[in-house]
Amino acid sequence: MQLTIRGLPPEIEEAVRSEARKERLSLNKAVIRLLEKALGKPGPPEQVSISHDLDRFCGLWTEEEALELENRFRDNREIDKELWD
């Protein structure tokens with residue numbers, strides 16, 4: 001369906017444009033999302049953002065250090081069957 005809106009108040013237009021910029025959406029998608037929110041309808045699931053904060057640490061451990069850490073955590077990975085029966 002196509003819909004034309006005339007006489008849109010400037011503050012509403014700016015709100016739509018702001019939403020579009022903030023969410024990196026087209027104006028059309030921003031209007032749809034704002035209408036969905038106003039009607040209490042669930043929109044699309046939130047996009048998961050991938051963080052690269054810790055990338056600089058990747059690959060810094062030697063194989064020996066990685067094995068040592070793995071050995072330290074081994075006991076934590078065992079399931080205590082008495083707690084789950």
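Numbers below:
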{"read-out": "Per-region count, the stretch 5-22, residues surrounded by 10 or more Cβ atoms within 10 Å (Cβ to Cβ) and charged (D, E, K, R)", "value": "5"}
{"read-out": "Residues located in the stretch 23-61, provided they are surrounded by 10 or more Cβ atoms within 10 Å (Cβ to Cβ) and over 30 Å from Ile12 (Cβ atoms)", "value": "Trp61"}
{"read-out": "Glu64, sole failed condition from (1) in a helix (DSSP H, G or I); (2) at pLDDT 90 or above; (3) surrounded by 10 or more Cβ atoms within 10 Å (Cβ to Cβ)", "value": "(3)"}
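To keep it simple, each residue is scored yes or no on (1) part of a helix (DSSP H, G or I); (2) modelled with pLDDT of 85 or more; (3) touching a Leu at 6+ places or on another chain (Cβ under 8 Å).
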| site | (1), (2), (3) |
| --- | --- |
| Glu11 | yes, yes, no |
| Glu14 | yes, yes, no |
| Glu19 | yes, yes, yes |
| Asn28 | yes, yes, no |
| Leu60 | no, no, no |
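The values are calculated or read from the model by the stated rules, or taken from the named source; none is laboratory data. Quick caveat, the model's predicted, so the values are computed rather than measured. Methodologically, a virtual Cβ is constructed for each residue, glycine included, from the backbone with ideal geometry; neighbour enumeration extends over all protein chains shown.
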